[in-house]
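Please read the structure below before turning to the comments.
Just so it is clear, none of the values below were taken in a lab; they were calculated from the coordinates. Bear in mind the structure is a predicted one, so any value in this text is a computation, not a measurement. Ideal geometry is used to build each Cβ from the backbone, glycine not excepted, and the neighbour counts take in all protein chains shown.
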Amino acid sequence: MSRGMESIVRHVSFLIIVLSLVQILAIFGLPYQNSIFFIFPLVLGMVSVPISLLASVLLRLRRGAGIFVSTISLGCLGICFITEGFLIIFTGPSVIVGGLYVLLGITSLRRISTINNPSFVSWFGGGNEFGISPVGEKEVVASCPHCSSILAVIPSLLSETDRCPECDGLLVV
């Protein structure tokens, strides 16, 4: 279980670093001459980049504020990307690029539920108890392919119609 949680930490901290780098590139590439509304994502992006670097370091070091700062970071970056995407769509440079920014923002916001999962928070804080019932002999811990919720499942009993209790997505894809 610990190995899986460590991979979540590595994944999310790497994602935060990459998103902050993309945000830096976006800040220098946005068409500010077309609209004054691009100032909001510029300011929020400039504030979120140092927070993102701090969040990644705190998450990797498993410090107490790591989850909180990472949540703030992913939220700010997600809001920036969604705002930039809609502004790019409505000001006309490229609908496709704007749509990709919106999708990047949505996926950034979806990672917040992963790091705020009770099992992850308990593991991150050093607790031995997880937010779910103890895993039985035949159960394994898996994540939903749609919402990344951590679930205890019995693989031999899974069928193609089983759904996630959080997002109602199919567990077997």
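Per DSSP helix of 4 or more residues, -39500 (n - 2.57); summed, then divided by the residues of the chain. What does that give at 222 nm, rounded to the nearest 500?
Working: 5 runs with 104 residues, N = 173.
Mean residue ellipticity, 222 nm, calculated: -21000 deg cm²/dmol.
Take peptides 104-116, 84-96 and line them up by average Cβ neighbours within 10 Å, highest first, as a rough protection proxy. If you can, show how the numbers build up before the last one.
On the way: 104-116: 18.2, 84-96: 16.6.
Taking the mean over residues of other Cβ atoms within 10 Å, the ranking is 104-116, 84-96.
Simple spin-label model, 7 Å along Cα-to-Cβ: F90 to E139 in nm?
4.7 nm
Please give the peptides 10-16, 20-26, 60-66 ranked by average Cβ packing (other Cβ atoms within 10 Å per residue), highest first, as a rough proxy for protection.
Result, highest mean first: 10-16, 20-26, 60-66.
Fully extended, how many nm does the chain gain between V18 and S113 (0.36 nm per residue separation, minus their Cα-Cα distance)? List each step's numbers first, then the result.
Details: separation 95, 0.36 × 95 = 34.20 nm, distance 1.88 nm.
Contour length minus Cα-Cα distance gives 32.3 nm.
Just to be sure I understand the model, the point goes 7 Å from the Cα along the line to the Cβ. What's the resulting L42 to C167 distance in nm?
3.5 nm
Full extension from S7 to L53: what is 0.36 nm times the residue separation minus their Cα-Cα distance, to one decimal in nm?
Here the answer is 14.7 nm.
From Cα pairs below 8 angstrom and at least 6 apart in sequence, can you work out the relative contact order of the chain, rounded to a whole percent?
15 percent
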